[in-house]
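For reference, the structure discussed in these notes is given below.
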Amino acid sequence: MKSTGIVRRVDELGRIVLPVELRRTLSIAEKDSLEIYVDGSNIMLKKYQPACIFCDSAKDITIFKGKNVCASCLSELHAR
């Protein structure tokens, strides 16, 4: 993990602010969703990108019965 040298306080509602420079660098816009991961005592944030439930691909995603499925897996399902 690489340190940015940025320190932020958690406010009374449990929020932190991501600096604009960091948001620009990582292409995080207002209203974007972030996934939260925990690894021991570390908290990691990752920009959420829906992925296929079968192959974990994030390309050409379609929602089928409430689940994310990529075009490749969807055509494979149709072939069966």
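The values are calculated or read from the model by the stated rules, or taken from the named source; none is laboratory data. Remember, predicted model here, so these are calculated numbers, not experimental data. Every residue, glycine among them, receives a Cβ derived from its backbone with ideal geometry; neighbour counts consider all protein chains shown. Ligands, DNA and RNA are excluded from the accessible area calculation, which covers all protein heavy atoms including side chains. Shrake-Rupley method; radii C 1.70, N 1.55, O 1.52, S 1.80 Å.
So what is the accessible area of segment 14-80 per residue, in Å², with the probe set to 1.4 Å?
Values: 5690 Å² over 67 residues.
In whole numbers, segment 14-80 has 85 Å² accessible per residue.
Please get the size of the charge dipole for the chain, origin at its Cα centre, with Cβ charges of +1 on Lys and Arg and -1 on Asp and Glu, quoted in debye to the nearest 20. Write out the running numbers ahead of the final one.
Working: 13 positive and 10 negative charges, 14 e Å.
The dipole of the chain has a size of about 60 debye.
Looking at the square roots a ≥ b ≥ c of the eigenvalues of the Cα gyration tensor of segment 1-51, which shape do they give, rounded for a/c under 1.5, prolate if a/b is larger than b/c, or oblate? Mind showing how you got there, number by number?
Details: a/c = 1.28, a/b = 1.12, b/c = 1.14.
Because its axes are fairly even, with a/c under 1.5, segment 1-51 counts as rounded.
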Excluding same-chain pairs closer than 8 in sequence, count the lysine pairs in the chain whose Cα atoms lie under 20 Å apart.
8
Kindly sort I28, I6, I61, I43 by accessible area of their heavy atoms, largest first, with the probe set to 1.4 Å.
I43, I6, I61, I28
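Could you grab the relative contact order for the chain? Cα pairs under 8 Å, six or more apart, rounded to a whole percent.
Working: 65 pairs, mean separation 11.2, N = 80.
Dividing the mean separation by the residue count of the chain yields 14 percent.
Just to be sure I understand: of the beta bridges DSSP finds with both ends in the chain, what percent are antiparallel, rounded to 5?
Working: 10 of 10 bridges.
Of the beta bridges lying entirely in the chain, close to 100 percent run antiparallel.
With a 1.4 Å probe and every protein chain kept in, tell me what percent of the accessible surface of segment 20-80 is carbon plus sulfur.
On the way: 2750 of 5260 Å².
C and S atoms contribute 52 percent here.
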